[in-house]
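What follows is one structure encoded as structure tokens, with my remarks underneath.
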Amino acid sequence: MLLCLMTTVTHMRQVIYTCVCVCEKKLVENNLNDKKKLFSLYFQCLEKPLSPHYNGGIVVNPEFNEGLNGWTSFGYAKIRHEKANDGNKYIAATARNQAHHSVSQQFDFDKDKLYTFSAWLQVSKGSADVAAVFKTANGSIIAGWVSAKEGCWSMLKGGLVVDVSGHAQLYFQCENSTIDIRADSVSLQPFTQEEWKSHQDLNIQKVRKTKVKFQAMDQLNRPIRNATVSMSLRRSNFPLGCAINQNILGNTAYQNWFTSRFHYTVFENELKWYSTERTRGAEDYSVSDALMKFAKSHGISVRGHNILWDDPSRQPSWVPSLSTNDLRAAADRRVDSVTRRYRGQLIHWDVMNENLHFDFFESRLGQGASLKYYLRAQRDDPKTVPFLNDYNTIEECSDAASSPRRYLDKLNGIWKGGFKGTIGIGVQGHFRFANLPYMRSAIDILATAKVPIWVTELDVGPGPDQARDLESIMWELHSHRAVKGIVLWSAWGPQGCYRMCLTDNNFRNLATGDVVDRFKAAAEEEASGMTDAEGFFEASVFHGEYEAKVTHPNGEGFCSVKAISLVPEKASPVFRFNITV
């Protein structure tokens, strides 16, 4: 919602001004029932597949209306052209005896292009995870996963980039070689770097910016020409943060570097159970309390990371040997202790960390453990949004355990178990390289849940392209409507950082730090200009809180504007300044 805040300013000449706002539509949150309805539609398996994206792109015979034209067998599978009772035609791979035996089509790839991929898949019995794979000269690349089912069609959506130009063969892979794989409406669409960047820019204009219009008028309501309008950003509305750790305490150089850039943070290790209760029953929150005090004193919002961690190797040393009853009691105390201590002070809680990959608490306490602790955290700290948090969902297409659909399965299971309310999606984002098509498709799938998506631990592994890939990833994330915030995983230590530092030990920017500064400068671009003959000046600005000023040799108007848009604006808000001349 757009708010206009009046500010009293005294000038040498009398200035009379009004600020009139034409407000944008307010975003109304879907209630829980609406979310569940939309969510269930995503999981619905269709009797008939939809048409292929981009009419199939460069795929020959994408809907199999020309028999098997363009398609061959991969491995020793037999392929058949089949027709359903409703007239729909598709291809089937039968007599499979290896995971990769399926249908295939060959393509010529260009390493300078980005490829989006989609297909509708079905299996002959039960359900099974099926991957779309491209075999290239440098190995096989998974483009995406889907849990395909018997008797209906599910859409696989993904994408890929290649590191070498040349031939590539598409095939589908399923570990259960006793079932048939059926495919329809297959699409592979290449984009040049310029086309992809153009689409990013278009999305940013739509989802991150609002057009605002200013009009300068004199005391008789006549337009004033050539008045200067300037908009100064006070605070961006797109959360960009960075992790910190105890090394920032008492380190003025680190503090100055950090607070000049970030209004959001997360503690790297200091809130984790193994940090706050190293010895059973002896809790010590002194370090996390000090970090919280530092953040509050600088107006920095904090994510809570984490309450419990499902990785068996990340427990306090005394936890794995506990009996079942003692573990249950200890975990209950941990949840209550940390959530009540920081109740209302955090924006998020990572409740059960990485429980797509691990199941320490479920294996010891039963399959309802995750649900129990989400409910308990919500009870103890009801105003803080609980989050799932895991890795490889957007950054690594080869990991089926945390594929977007598996992520949504986990989320859906918590809702079905009786959790009422919003749960955020935390995707860590520990990238090896920038696979923008896969990342975009993964977020598209996650976005169907209609809950907040944050990239919670963004970094890129070391290498010559680290800074370039970081920049590409940050702009891709910023261009997606569903991404509500980014937190970089670059807490500094004298021995280095987890995988990616932004500065050297003297807090001079490294190349990655320059990327972050450039991103902030571009995403927080301010606006200024002159009014036209009708007294108007119009600009497109990033959502945020601005201080707007209109000046003229004969007077000055001053207005503080909070321009926050969560939905596309149909009509530009108008701010009118009346200046006595």
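The values are calculated or read from the model by the stated rules, or taken from the named source; none is laboratory data. The model shown is predicted, which means the values in this text are computed figures rather than measured ones. Neighbour counts run over all protein chains shown; Cβ positions are idealised from the backbone, glycine included. For accessibility, only protein heavy atoms count, side chains too; no ligands or nucleic acids. Shrake-Rupley method; radii C 1.70, N 1.55, O 1.52, S 1.80 Å.
Observations
A quick yes/no check of all residues on (1) out of contact with any Lys or Arg (no Cβ under 7 Å at 6 or more places or on another chain); (2) basic (Lys, Arg); (3) without any contact (Cβ under 8 Å) to a residue 12 or more places away in the chain:
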{"residue": "Leu470", "(1), (2), (3)": "yes, no, no"}
{"residue": "Leu477", "(1), (2), (3)": "yes, no, no"}
{"residue": "Val487", "(1), (2), (3)": "no, no, no"}
{"residue": "Asp504", "(1), (2), (3)": "yes, no, yes"}
{"residue": "Arg508", "(1), (2), (3)": "yes, yes, yes"}
{"residue": "Asp514", "(1), (2), (3)": "yes, no, no"}
{"residue": "Glu525", "(1), (2), (3)": "yes, no, no"}
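- Matching option when the condition is under 22 Å from His430 (Cα atoms), modelled with pLDDT of 95 or more and of a type in the set (S, T, N, Q), among Asn306, Asn325: Asn306
- The listed residue being modelled with pLDDT of 95 or more, touching a His at 6+ places or on another chain (Cβ under 7 Å) and not charged (D, E, K, R), out of Ser73, Ser118: Ser118
- Counting only strands (runs of 3 or more DSSP E) that sit wholly inside the range 162-267, those with at least 1 residues that are loosely packed, with under 14 Cβ neighbours inside 10 Å and modelled with pLDDT of 95 or more are 166-173.
- Residue check: Leu271 meets all listed conditions (1) within 28 Å of the chain's Cα centre (by Cα); (2) of a type in the set (A, V, I, L, M, F, W, C); (3) under 23 Å from Gly493 (Cβ atoms); (4) not in a loop (DSSP other than H, G, I, E, B) but one, namely (4).
- Among the residues listed as Glu175, Glu150, the single one being closer than 21 Å to Asp399 by Cα and more than 29 Å from the chain's Cα centre (by Cα): Glu175
- Failed item, numbered, when Val515 is tested on (1) among the hydrophobic types (A, V, I, L, M, F, W, C); (2) at pLDDT 95 or above; (3) touching a strand residue (DSSP E or B) at 6+ places or on another chain (Cβ under 6 Å): (3)
- Residues in the range 276-314 that are under 19 Å from Asn389 (Cα atoms) and open to solvent by 10 Å² or more (accessible area, probe 1.4 Å): Ser301, Trp309, Asp311, Pro312, Ser313, Arg314.
- Residue match in the range 280-298 (condition: farther than 18 Å from Val455 by Cα and under 24 Å from the mean Cα position of the chain (by Cα)): yes
- Screening the range 490-535 for residues that are surrounded by 21 or more Cβ atoms within 10 Å (Cβ to Cβ) and part of a loop (DSSP other than H, G, I, E, B) and picking the one that is farthest from the chain's Cα centre (by Cα) gives Gly535.
- Counting only strands (runs of 3 or more DSSP E) that sit wholly inside the range 346-451, those with at least 1 residues that are within 14 Å of the chain's Cα centre (by Cα) are 385-390, 424-427.
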